[in-house]
Each structure stands twice: as C-alpha cells, then as structure tokens.
Amino acid sequence: MVVVTAAPALADSTRDQQWYLADLKIAEAHKLSRGEGVIVAVIDTGAKSNHPDLTGALLPGLDTTDSNLAGRSGTEDIDGHGTAMAGLIAGRGHGDGDGILGIAPAAKILPIATGGNGYTSTAFMTKAIDFAIEKHAGVINMSFATGDDDVMHAAIRKAQATDIVLVASAGNDNDISNLVDKFPAKYPEVLAVGAYGKDRKVAPISVTGPYIGLTAPGDQVISTDINPPGYQVAGGTSDATAIVSGAAALLRAKYPDMSAAEVVHRLTATADDAGAAGRDDTYGYGLLNVVKALTADVAPLPAAGASAAPSGGAAQDAPADTSASDDLPEPVNVLVPALIVAGLVVLAGVLVAVLVARRRRSG
C-alpha cells in the first residue's frame, strides 16, 4: 500500500478526516441500513481484535497460515492492512474522538488471515474462501491481487454458487505493477473496484481496464491501524474495495432476500456515471452511490441472469452483461498493490512460486 500522509495529530480529528462519509452521504444511508445481520469475510492479514473501533465487530475467524488451523482465529494482525479494511467496512466509531465509522457499522467481520508483511499464497487464499463459505459470509472482501490460479478460481466459483457477493481490488498502478496480475478481480464472478479521490476523479494510482466494475473513494483514506495512535491515512484500490464491500453489506441487510447477483447489479446500475458515457475502462459503471443503491427502483436482472449471472456483472443498459466478461482479452502482467513478495506453496503436490501483491498501510 502507498501511505500518503501521517496519522492525525489529534484523535478527535479522526472522524473529520473521513471525507468519504460525506461524499457517499453515509449518514443518510445509515437511516436505511447499517448492515445488521450480515457477515463480511475479510481475506487479508487478520484484524486487530483489541482496537477500540473494532470492539464487537469481529467474529472468530481463521489464520490459514497456522498449521494447526485451530490455534489462531485471524484476530491478530502483524501487518495492519487487514485491520484497516475491517475498520472501513464495519468500524464501530467508538474509539477516541469518535474513531472510525465504517460503511456498515452493524455488520460483522469474519477476519481470515492469509499471511502478513506481503507473504501469502493461492493455497492460503483458497482455504480462506472455503472458510468464508462455511461460515455463511454474505460478502467476501479481497483487497489483494495475485496471478491466475485454477484452484483459487474454482473456490471463487463455489462462493458465487453459494450466493456470496465477491468484491476485489482492481489494482494499483506503480513501478512494480508488471510482476503480478490482477486476479481475483479479473475473474468474471468478481466485482472489480477502482479508486477515486476527493475531487471525484479517478485516483492516479488506480489501474484501468475492461474488467473494472465500479469506482469508490480510495485516496487519502483514514482507517484503523495496528500502531499508535491507532489510525493511518493511505490510498489505493484496497480501500475502495472495502468501502464497496461495506455498501454491499448495507444492501444485503436491507434486502435480505436479494441474490448476490442482484446486489451487484443494484450497485452498478445506480452508480453515478463518470468519464465516457456509459461503462468505461476507467470508472467502470461509475462512482459508487450508496443512497441510490439503497433506494432506487432498479429493474431486476432477467430471470436466468438473476441466478446465473456472475456477481461482477450488471450494467444499467445491459443488465445481464458484466464488467469482467468471459470475452476479456488475455491478461497482461500489470498489477495492483504496492508491496510484492514471492511466496512458495505446495499445490497438488507441486511446488509453485507465487507472486502476490498486497497493499500495506505502513512500511
């Protein structure tokens, strides 16, 4: 991750720095839904259970890197990235000076650690997706990127078949972007999220491409952190992804019988058009509009599409289409986050080198 400024000097300025709350009219949205009853799985670096803004927000999770698979519950975080994502999604806002208020403050976070300090593997991520399915997550947040992997994609398809909203960061444009590809965001089952700034223009760091589904705030974003004073400002598509996952949780709480495909359709169909008219490779279907997604009269997907359409795909003018269709061009090796580390993992008895990019909030 790219850190763009220091943490606030005073704790009581934390809420004031959450510019995206006003931009998205979250106070109005919270009169309609706060995410009650929805579980959001955060596949990341874990989450700090003793952060005051996350008290009551975290469920017992999983650390996929724990060989015992019983010793750690994902509620530790040596990296900080997962803690930041958890705060953006479901921060309770009751830390010092009001603290971080999440987009869906009544939702529950299922923290699933797949590594730290940039180390992870597709095997850990696949195990994480399976755990999210087992624990009945309504949304899976994937603020990371790696290369294409058949086993991981199979897990993604299984999650879609289980009616889970799948959200992933589209990618950060930086000097090392050629080392990893933009999966899982490029999978057609996944809603790929880009980032915009305070000026409501696409953030310079946000990757563009035919698979982009939606853009959300992702520049100069403050959230929960593992280090004193407990907050840090950063930017990138990871943050935007967490914000969209929070919005999906609001929808799932307000419309509990709505399918995952319809939730994504509603998010994209109600987005504020930006850039070229209609869907484009920079903004996808446009800028996230949470209140409109919660209130607008949106035509449903065709009957077949409602159950079979990929979760990443719904358009205002072509509801059954997707922002990341099966007809995408072959992936190019451009990528997502700012920290990239090589990890080794055994998959199906074969030792494979996996390059994973994960945005960090510190270091």
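The values are calculated or read from the model by the stated rules, or taken from the named source; none is laboratory data. What you see is a predicted model, and the numbers here were worked out from it, not measured in a lab. Cβ: placed from backbone, ideal geometry, glycine included. Neighbour counts: every protein chain shown.
Key figures
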| quantity | calculated |
| --- | --- |
| Enumeration of residues in segment 111-132 that are at pLDDT below 90 and assigned to a loop (DSSP other than H, G, I, E, B) | GLY115, GLY116, ASN117, GLY118, TYR119, THR120, SER121 |
| Boolean, ALA247 is under 22 Å from LEU110 (Cα atoms), in contact (Cβ under 8 Å) with a residue 40 or more places away in the chain and of a type in the set (A, V, I, L, M) | yes |
| Filter result for the condition that a residue is surrounded by 24 or more Cβ atoms within 10 Å (Cβ to Cβ), at pLDDT 95 or above and more than 14 Å from the chain's Cα centre (by Cα), over ALA84, ALA90, ALA137, ALA107 | ALA107 |
| Of all residues making up segment 281-299, the number that are free of Cβ contacts under 8 Å to residues at least 40 places away in the same chain, farther than 15 Å from LEU24 by Cβ and buried (at least 16 other Cβ atoms within 10 Å of the Cβ) | 1 |
| Qualifying positions in segment 207-218 - at pLDDT 95 or above and buried (at least 24 other Cβ atoms within 10 Å of the Cβ) | TYR211, ILE212, GLY213, LEU214, THR215, ALA216, PRO217, GLY218 |
| Options LYS48, LYS25, LYS31: the member that is basic (Lys, Arg) and without any contact (Cβ under 8 Å) to a residue 60 or more places away in the chain | LYS31 |
| Lone qualifier among ALA123, ALA145 - being among the small types (Gly, Ala, Ser), touching a strand residue (DSSP E or B) at 6+ places or on another chain (Cβ under 8 Å) and closer than 13 Å to PHE183 by Cα | ALA145 |
| Failed criterion for ALA161 (all others in (1) of a type in the set (Gly, Ala, Ser); (2) in contact with a strand residue (DSSP E or B) (Cβ under 8 Å, 6 or more places away or on another chain); (3) at pLDDT 95 or above hold) | (2) |
| Every pair of residues 6+ apart whose Cβ atoms lie under 7 Å, when the first sits in segment 153-172 and is within 14 Å of HIS136 (Cβ to Cβ) while the second is in a strand (DSSP E or B) | ALA159/ILE140; ALA159/LEU166; ILE164/VAL139; ILE164/ILE140; VAL165/VAL139 |
| Any hit, segment 261-277, residues being surrounded by 24 or more Cβ atoms within 10 Å (Cβ to Cβ), touching an Asp or Glu at 6+ places or on another chain (Cβ under 6 Å) and at pLDDT 95 or above | no |
| Residue in segment 156-173 that is outside any loop (DSSP other than H, G, I, E, B) and either of a type in the set (Asp, Glu) or over 27 Å from THR126 (Cβ atoms) (or both) present | no |
